[in-house]
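Report on the structure given below.
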Amino acid sequence: MELTVKFLNGKTYLLDVNPSITVKQLKQQIESRSGCPAQHMNLAVQNGSTNTLEKEDWRLDQYGLKPGTIVTVIITEPKPMQVFLKNDKSQTRTYEIQPGETVTQFKQKVYQGEKVPTNQMVLIYEAKQLEDGRKMDDYNIQANTTINLLLRLRGG
């Protein structure tokens, strides 16, 4: 079925989709056409009243979408979140991380607060070491959770 996807800035796309795909899959198709990250999208349709497509695992036909439906894309700016960092002295400090922030960028913030050189830091979240160059999002870090800071011992 063909859907019209409309952004608030006026851009419009026609998408030919299977009614049995999920909202998440629809967002991914919109992302591939528009370049807008799927995780920043909220989708709404008007069929008498405005309905938001909140359940990403629901199929389009479960929402009653029909050929010709206009799907409005509302872009949401992701909000920064607070995380806790427990250092090697068992002291805990609060840091703010931005969506899309890299581990390297976070280490720079930690350096400002802890005065530990970034090359001596080992950051652990849920038993996984956070790797430079990767995004904090890659580790599914949630707000108000704790990241542990260990120090890399220098040989000599």
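Nothing in this text is a laboratory measurement; each read-out follows from the coordinates by a stated rule. Nothing here was measured: the structure is a model prediction, and the numbers come from that model. In this analysis, Cβ positions are derived from the backbone assuming ideal geometry, glycine residues included, and neighbour counts consider all displayed protein chains.
If we keep just the residues of the stretch 65-101 that are farther than 25 Å from Asn9 by Cβ and β-branched (Val, Ile, Thr), which is nearest to the chain's Cα centre (by Cα)?
Applying the filter and picking the extreme gives Ile97.
Just one of (1) over 23 Å from Tyr13 (Cβ atoms); (2) out of contact with any strand residue (DSSP E or B) (no Cβ under 8 Å at 6 or more places or on another chain); (3) among the charged types (D, E, K, R) trips up Glu114, so point out which.
The number of the failed condition is (2).
When the stretch 133-156 is examined, which residues are found to be loosely packed, with under 14 Cβ neighbours inside 10 Å and farther than 18 Å from Ser90 by Cα?
If the condition is that a residue be loosely packed, with under 14 Cβ neighbours inside 10 Å and farther than 18 Å from Ser90 by Cα, then Gly133, Arg134, Asp138, Asn140, Gln142, Ala143, Arg154, Gly155, Gly156 are the ones that fit.
Hey, Glu77 hits all of (1) touching a residue at least 60 places away in the same chain (Cβ under 8 Å); (2) surrounded by fewer than 12 Cβ atoms within 10 Å (Cβ to Cβ) but one; which does it fall short on?
(1)
So which of Gly113, Gly133 ends up being part of a helix (DSSP H, G or I) and either within 30 Å of Cys36 (Cβ to Cβ) or of a type outside the set (A, V, I, L, M, F, W, C) (or both)?
Gly113
Exactly one condition in (1) under 17 Å from the mean Cα position of the chain (by Cα); (2) surrounded by fewer than 16 Cβ atoms within 10 Å (Cβ to Cβ); (3) without any contact (Cβ under 8 Å) to a residue 40 or more places away in the chain is false for Lys27; which is it?
Answer for Lys27: the failing condition is (2).
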